[in-house]
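The numbers here are math on the coordinates, done by the rules we state, and not lab data. Small disclaimer: the values here were computed from a predicted structure and weren't measured. Here the Cβ is made from the backbone with ideal geometry for all residues, glycine too, and neighbour counts use every protein chain on show.
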Amino acid sequence: MSEALVLTETRGRVALVTLNRPKALNALNDALIDELFAVLRRHDQDDGIGAIVLTGSEKAFAAGADIAAMQPMTFQDVYKSDYIGGNWEALRRIRKPVIAAVAGYALGGGCELAMLCDIIIAADNARFGQPEIKLGIIPGFGGTQRLPRAVGKAKAMDLILTARMMDAEEAERAGLVSRVVPADRLLDEALNAATVIASMSLPSVMMAKECVNAAYESPLHEGLLFERRNFHALFSTQDQKEGMQAFLEKRQPVFRHE
Ligand code: CO8
């Protein structure tokens, strides 16, 4: 039997998901994305999971879409099969927080996959870039849209038009990455952050993610209303009563995630 392209294990309420195509630097092909989506969806639907960490190898989070698979494709092939539609697009619908723990290369589709996650924590050896222009194409999985939102137009244009890579420190300065840690601390740091998130009330975590994402897609007045309605809705949860009661009693809350 061929080895799984995506490995997963759970640690308490946290799921760790590892891209497992190290010899090809985790180049993303349809089979890998299908497995990734199946694994993420399973964790998303599991009440026992509160947050997910997505990682690659020490050398590469993912070096992009599989160039060998793409090279012979024609317009008809990619258009008719809706290449990078399907499960690629469906990754957007994962509702629990996903932390990308990035070591080594996150290039092209790999950088785009990291940007699809909710938080990026980078090892100090991480390198980000959208080098598609060198292949005679452009980013196709959100790079031209999410990168400018994360780092601003000037830096996004620079990276996309020159294909240069940005190191972890520059990525943090630019706002793409939330923390940079020594490479040997990467997984611990990401798992610790995920454990903190998973200890919070799940409905509030999911609504917070939904509201922050709405900031990207709606005018301010609509986003504010969306936030306020979700804020109101959380007063219907047991966890809101417990969270506030625990504060008043000066103890830690015991959330039931409902
Ligand atoms: N696709 C297929 N195979 C790859 C890829 C890739 N993207 N990246 C690396 N590999 C393979 C190499 O071919 C090599 O295989 P082999 O050992 O059989 O020759 C193996 O991985 C190791 O790679 P290198 O020998 O090149 O390793 P180096 O350390 O010398 O270089 C680099 C590392 C700099 C990362 C180099 O491999 C590289 O430049 N890779 C390509 C990066 C790139 O151009 N990425 C963009 C791809 S296009 C894209 O992502 C389109 C996005 C559209 C949306 C897709 C959604 C995911």
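Here are the numbers:
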| item | result |
| --- | --- |
| Of every Cα-Cα pair in the stretch 142-258, the percent that sits beyond 24 Å | 50 percent |
| Helix 238-248 vs. the chain, principal-axis angle (Cα, 0 to 90°, nearest 10) | 70 degrees |
| Among 102, 180, 196, residue whose mean-square fluctuation peaks in a GNM of the chain (springs only between Cα atoms under 10 Å) | 196 |
| Acute angle (nearest 10 degrees) that the helix 153-162 long axis makes with the longest principal axis of the chain, alpha-carbon atoms | 30 degrees |
| Choice from 168, 68, 194 showing the highest fluctuation, given a GNM over the chain with Cα pairs closer than 10 Å | 68 |
| Length added when fully stretched, residue 188-residue 7, from 0.36 nm per residue minus Cα-Cα | 63.4 nm |
| nm² value of the averaged projected area, convex hull over the Cα atoms of the chain | 15.6 nm² |
| Cα shape, the stretch 110-180, gyration tensor, a/c 1.5 rule | prolate |
| Percent of alpha-carbon pairs separated by more than 18 Å within the stretch 6-135 | 52 percent |
| Pairwise FRET efficiency - residue 242 versus residue 90, Cβ, R0 = 41 Å, nearest 0.05 | 0.75 |
| Label-point separation in nm, residue 124 to residue 46, each point 7 Å along Cα→Cβ | 3.4 nm |
| Förster radius 51 Å - calculated FRET efficiency between residue 59 and residue 250 (Cβ-Cβ, nearest 0.05) | 0.60 |
